[in-house]
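Here's the structure, in structure tokens; my notes come after.
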Amino acid sequence: MGVKLRVAICGGGIGGLTLAVALSRYHDIQVDVYEAAGQFKEIGAGVMIWARTWEILSMLGMAEDFARIAHAPPDQAPGIGFDYRRSDHPQEGSRFYLFQVPYGCIRFHRAQFLDVLINHLPDGVAHFGKRLTTYTYSPSSHGRDGGQITLHFADDSTAECDLLVGCDGIKSTIRKQMLTDHVRKHGGDPKLLNHIEPVWSGTTAYRGLIPVHRLVKPDGRKHRTIDSPMMDKHVVSYSISAGSIVNVVTFASQPQLYDTPYDGVWVTNCSPAEIQACYAGWEPEVDELLKCIEKPTKWAIHELKPLPFYFTGRVVLLGDAAHAMTPHQGAGAGQAIEDAFILAEVLGHRQTTLSTLSRALTAYERVRLPMANHVLKGSRQSGNMYEFNGPLADNLVPLGPLIGSQWDWLWDSTPQTERDRALGMLHYARASL
Ligand SMILES: Cc1cc2nc3c(=O)[nH]c(=O)nc-3n(C[C@H](O)[C@H](O)[C@H](O)COP(=O)(O)OP(=O)(O)OC[C@H]3O[C@@H](n4cnc5c(N)ncnc54)[C@H](O)[C@@H]3O)c2cc1C
């Protein structure tokens, strides 16, 4: 079978690799992943997903492999999404809301998560040490219908494709060029340039991993978070790696600093004393947990201002490059995976050819942009609520259900209905931007 489409994926994180796996199911699509680093790599931390992301991983034939590395084999029965607990007093705290959903939250070690995707990549697809610096568009060269894109890498090499997918993360080079070209070369609204740089959310996060045995007392009593994902004034903790490790992320926010410049380095090491001082005076369970973190890292949490479009011409954005969000709904990676699923479905459809590519990209954008941008905005609101900075402050009785309703997007549709909607749109074309 001939190749109908050459797709270059720039960036081999969770989004880029999921897209590569999903596209490799189609024999008439050539897939290449260009990764800046010398190998695919994820940080040593946890990542959680929800039922709809699990369904996508299952549809892509990876359920068995992911089940093996989850905190426990995923199970459709209602499970704990998060146990919300007020902890910011020295006395023992108490639950103010229990968020339960089918499958609960499904938790992984990030490096293991990436390994499953890597193991499903066909040979020859990955190219390392390829940091994209710019791309150029040449109309109708080599007889390809509608021209092609040339990728230029920092090592002075080049590559060609019909479609470039920017999966290059929150600081995306491709987003920057796409928006700059759109404004400077095609007369787009100059306000779009405000969407190039991520904005600081005003939140600092501390992350660390704890071997689970450190959270079991000599008398056998276990820390609550081993069995139950916890959320406090804003300490998030849950077990990963078949229950052998507890992942901790803590947050400290100054909402008034939203969208102010953050001058420091985004990710640094920090001392255990710094994180303990930040939550001094909290309930004993939190204290015990934080004292077990040996090598915390400190993160300045940034997000994007929601983009009004995700593609121009034959360049399209996916994952954090399109909609980097705060992590307060544990959804950035899940949204990247959902992007990858929908984009692969529309590109792989038999109606999609080089000459109808813009229809496929339009369908992808129409389905994915509203949801991903909704989750982006909702995540920030959720973060405010977790720290009692939302409209209900610490009025805990109505606050719990309001927090729960922030997750409604999980159930408003399914990945299958979103896919069917996208495929149904393949006969529409978007007016050019
Ligand atoms: C504290 C924290 C906790 C989180 N927890 C969760 C969670 O529990 N659940 C969840 O769903 N999400 C979570 N997220 C969000 C999630 O981590 C991201 O949304 C997700 O990893 C984005 O994946 P991506 O593939 O789009 O980008 P990335 O993972 O950033 O991958 C981008 C890739 O592109 C490469 N690259 C960059 N520039 C170039 C270039 N010019 N050329 C070539 N390659 C390039 C990079 O090396 C990298 O490999 C969390 C985020 C944070 C900060």
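The values are calculated or read from the model by the stated rules, or taken from the named source; none is laboratory data. Note that the structure is predicted; figures quoted are calculated from it, not measured. Note that we place each Cβ from the backbone using ideal geometry, even for glycine, and neighbour counts take in every protein chain shown. Areas reflect the complete protein model, heavy atoms only, side chains present, ligands, DNA and RNA absent. Shrake-Rupley method; radii C 1.70, N 1.55, O 1.52, S 1.80 Å.
Among the residues of the stretch 326-364, those identified as within 21 Å of the chain's Cα centre (by Cα) and away from the ligand (no atom under 16 Å from the Cβ) are E345, V346, L361, A363.
If you go through the stretch 104-119 and keep only what is surrounded by 18 or more Cβ atoms within 10 Å (Cβ to Cβ) and either more than 19 Å from the chain's Cα centre (by Cα) or small (G, A, S) (or both), you end up with just G104.
Taking the criterion of being in a helix (DSSP H, G or I) and away from the ligand (no atom under 14 Å from the Cβ), the residues of the stretch 116-132 that qualify are V116, N119. Being farther than 21 Å from R419 by Cα, part of a helix (DSSP H, G or I), within 15 Å of the ligand (Cβ to nearest atom) and at pLDDT 95 or above, is that true of even one residue in the stretch 21-34? Within the stretch 21-34, none of the residues are farther than 21 Å from R419 by Cα, part of a helix (DSSP H, G or I), within 15 Å of the ligand (Cβ to nearest atom) and at pLDDT 95 or above. There is at least one residue in the stretch 305-315 that is among the small types (G, A, S) and more than 8 Å from the ligand (Cβ to nearest atom).
Looking at the stretch 227-236 only, could you name the residues that are buried (at least 20 other Cβ atoms within 10 Å of the Cβ) and either of a type in the set (A, V, I, L, M, F, W, C) or more than 24 Å from N269 (Cα to Cα) (or both)? Residues satisfying the conditions are P229, M230, M231, V235, V236. Sort out which residues of the stretch 170-201 are buried (at least 21 other Cβ atoms within 10 Å of the Cβ), out of contact with any Ser or Thr (no Cβ under 8 Å at 6 or more places or on another chain) and not polar (S, T, N, Q), and write them in order of number. Result: I174, R175, L179, P198. Looking only at the stretch 269-291, residues that are open to solvent by less than 50 Å² (accessible area, probe 1.4 Å) and either aliphatic (A, V, I, L, M) or farther than 17 Å from L209 by Cβ (or both) come to 9 in all. Flag set for G147, criterion: touching a Pro at 6+ places or on another chain (Cβ under 6 Å), away from the ligand (no atom under 16 Å from the Cβ) and open to solvent by less than 60 Å² (accessible area, probe 1.4 Å).
Restricting attention to the stretch 35-69, the residues that are part of a loop (DSSP other than H, G, I, E, B) and either within 13 Å of the ligand (Cβ to nearest atom) or touching an Asp or Glu at 6+ places or on another chain (Cβ under 9 Å) (or both) add up to 11.
Within the stretch 1-20, the set of residues being within 12 Å of the ligand (Cβ to nearest atom) and either of a type in the set (A, V, I, L, M, F, W, C) or closer than 12 Å to L117 by Cβ (or both) comprises A8, I9, C10, G12, G13, I14, G15, G16, L17, T18, L19, A20.
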